[in-house]
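Here the structure comes first, spelled out in C-alpha cells, and everything after it is commentary.
Derivation of every value follows stated rules applied to the coordinates shown; laboratory data play no part. None of these values were measured; they are calculated from a predicted model. Positions of Cβ are generated from backbone atoms using ideal geometry, with glycine treated the same way; all protein chains shown enter the neighbour counts.
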Amino acid sequence: MKNKTFLKFNFYSLLVISILFLGFSSFALASTNIDPTNHYAWNDIIGWIDFYSTGNVTVSASSLTGYASSSVGYIAFDCATSPNPPADCGTTYSNWKVTNTAGILTGWAWNDQIGWISMNCSNVQNPCISPVYGVSISGGDFTGWAWNDVVGWISFNCGNTGTCAPTGNTYKVSINGSGVAVQGSLTSSTFDTGSAAGVTYNTILYQTSVPPPTGTAVEFQLAVSNCSNGATNAPTCDQNVGWGGAKTSGDGAFLGYDGTSSTYYKPTADNIPATLNSIYYNNKRYFRYKVLLFSDIYGLLAPQVDNVIVTWSR
C-alpha cells in the first residue's frame, strides 16, 4: 500500500476567499448577524447599547464591524464601517477597529461623545495586569467587560454582574446562529500514482496541528481517471475532458461514499481515515480531491488542515 501527503494550507485565509467569491453565508438580517432578541449591552451611565437596530453590526471570524446605537450616539467598531468614515482609515485611524481572534475581542471602538472604548486590557497593558478585563464570544454569546475612561465599565452579559433571571435584568449580546455553517472549498491539482495499470484507492484522512473546534467539520470527495485531464476515454483522452464541473458520475467526477456527487466522506476527526468506497475508484491512475471546510453555525470557529493523505494499493 502506498500513500501520498500533498496538502498544506490554513482554513482562515481559505474561508475569506470562499466568502468573497462564492458567498457562502446566511444571516437573519441583510447586513447583521446579531440576534434580534439578545442584542443589548449595559453601562450604568449611558444605559442600553443596542447592537441590532442599526442593522449593520457583524461578527466575523476575524473582526467586529459596523456600529451600535446608544443614548450618546453611535458606537463604531471599525473605522471603515463607521457612520461617517474618514478618508484616512488605513493610516491615521488604522488602530480604530475591533479584532476577533478565536472568540477573543481586542482593539478599540469609538463614540463621538465619550471617545475610545477598549475591548480588552491587552490594548493598554501588555500583558494584562490589573484589572484584567475583556470581551469574548463563546457559543454565540458575548461575555465580559469593555472599558471607557468617561463612563466606565460596559457589560455585554448579565452573567457578568449576577443580575440574570430571576432578577428580571436578563440581557446579553448574541450572534444569530443561522444553522448553516459557513463553507469553504478547495479542489486540488491532479496527482499521478505512477501506475500505468491504475490503483485502488483505500482511505483519505487529514492532519492538523490545531484540533478542530467543536461544531466544525472537514469533508472530502474524490475524482479518478486514467487520463491526466480527467477524460473518460484513455488513452486517447479527448472525450468528456475535465475534472468536476457538470460531471456527476464516471471518470473525472467528484464522488462521495455512494458514488454520486451529492455525498461526502466525513472523517470523524483529524488523523482518523475515512474508508473510500473502492468500487468507484478502482484501476485508475490519476486523482484529484475536493475538500469542504465547515465553520460553526456562527461563522467564528473553523478547522485548520495541514496535510491530506490518500492511501492506495496496486
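Computed on the chain, with alpha-carbon pairs under 8 angstrom and 6+ residues apart, the relative contact order is 21 percent.
For the stretch 34-175, the alpha carbon convex hull comes to 110 Å³ per residue, rounded to a whole number.
Toward the positive end of the charge dipole of the chain, with +1 on the Cβ of Lys and Arg and -1 on the Cβ of Asp and Glu, the farthest Cα among ASN160, ASN56, SER295 is that of SER295. Just check the stretch 61-138 against the gyration tensor rule for me: Cα atoms, a ≥ b ≥ c as the square roots of the eigenvalues, rounded for a/c under 1.5, and otherwise prolate or oblate depending on whether a/b exceeds b/c. Note, shape of the stretch 61-138 comes out prolate. Entry note, the stretch 37-81: relative contact order of 28 percent, from Cα contacts under 8 Å with a spacing of 6+ residues. Where does helix 11-22 land angle-wise versus the long Cα axis of the chain, in degrees 0 to 90, nearest 10? Approximately 90 degrees, to the nearest ten. Net charge near CYS79, counting Lys/Arg +1 and Asp/Glu -1 over other residues with Cβ under 10 Å of its Cβ? Summing Lys and Arg as +1 and Asp and Glu as -1 gives -1.
Quick check: from the Cα gyration tensor, does the stretch 234-273 come out rounded (a/c under 1.5), prolate or oblate? Since a/c reaches 1.5 and a/b is larger than b/c, the shape of the stretch 234-273 is classed as prolate.
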